[in-house]
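The values are calculated or read from the model by the stated rules, or taken from the named source; none is laboratory data. Everything numeric in this text was worked out from a predicted model, so none of it was measured. A quick note on method: Cβ atoms are made from the backbone with ideal geometry, for glycine too, and the neighbour counts reach across all protein chains shown. For accessibility, only protein heavy atoms count, side chains too; no ligands or nucleic acids. Shrake-Rupley method; radii C 1.70, N 1.55, O 1.52, S 1.80 Å.
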Amino acid sequence: MKRYTHLFFDLDHTIWDFDRNAEETLQELFVLHNLEALGLKSATEFITTYTHNNHALWADYHLGKIDKETLRQTRFRKTFTDLGLHPDVVPVEFEDAYVELCPTKTNLFPHAHETLSYLQQKYSLHLITNGFKEATRRKVSGTGLEKYFTNIIISELVGVNKPDKAIFKHALELAGAKKEESIMIGDSLEADVYGALNFGMDAIYFNPLKVPKPEDVPVQIHSLDELTQLL
């Protein structure tokens, strides 16, 4: 690959293992809030339904179709009602408990620290995340990731989300970087990969689940440590 000087990473689902951390959190909250007593059969079914709803809502959030408040109000309410709970008995405090606990979880994708440590010696590293500001700060500090990144760009503070070109432009200006010397690494085809490519910046698709890669996506990796061979 050509020589880069700046690497821009996504956080959730790319470095911070969102689904694993969410699952741990929901297993704990399922017991804590005694959801079985409300008629929910199993934590597994609850987590599967939530994960489906959350991914769909985040896709809408990336594209500006819904705001932060709507995402947060909807994901658990919809999950509970999808599983047959009457809206009147949905525990309203559940979202707050989740938002409090989940960002304290520290599961990263395999080889995250080793890979970032290696890359940091060769490149300037930056984060661009559509995650919310409070949660992002807690995730980054709780996992010791802040030491790798020169800039942490949070879409909520910038006022636009990936894939909007404006957030990539802002990130490059902040880094003092040019498009041709920069590359974006992330799991979301829409937000990270096509967002960067449409802006005129190279991108690497992080695809740990090995779903079929679209033909117009030039480069993919299945594990973070592949970056040490590529870059």
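Things worth noting here:
- Choice from N207, N107, N34 showing the highest fluctuation, given a GNM over the chain with Cα pairs closer than 10 Å: N34
- Shape of region 187-231, Cα gyration tensor, a/c cut at 1.5: oblate
- Fraction of accessible area attributable to carbon and sulfur, the chain (%, probe 1.4 Å): 51
- Spacing of the two label points (7 Å from each Cα toward its C-beta) at E180 and T150, in nm: 1.8
- Solvent-accessible area per residue for region 1-92 (1.4 angstrom probe, square angstrom): 51
- Protein heavy-atom accessible surface, 1.4 Å probe, per residue over region 116-223: 44 Å².
- DSSP assigns beta bridges within the chain; of those with both partners inside it, close to 5 percent run antiparallel.
- Approximate spin-label separation V89-Q27, in nm, with each point projected 7 Å along Cα-to-Cβ: 2.7
- Alpha carbon Rg of region 90-192, scaled by the compact-globule rule 2.2 N^0.38 Å: 1.18
- Computed [θ] at 222 nm, deg cm²/dmol, the chain (DSSP H ≥ 4; -39,500 (n - 2.57); rounded to nearest 500): -13000 deg cm²/dmol
- As a ratio to 2.2 N^0.38 Å, the alpha-carbon radius of gyration computed for the chain takes the value 1.05.
- Additional length obtainable on full extension of the chain from N34 to N107, 0.36 nm per residue less Cα span: 23.8 nm
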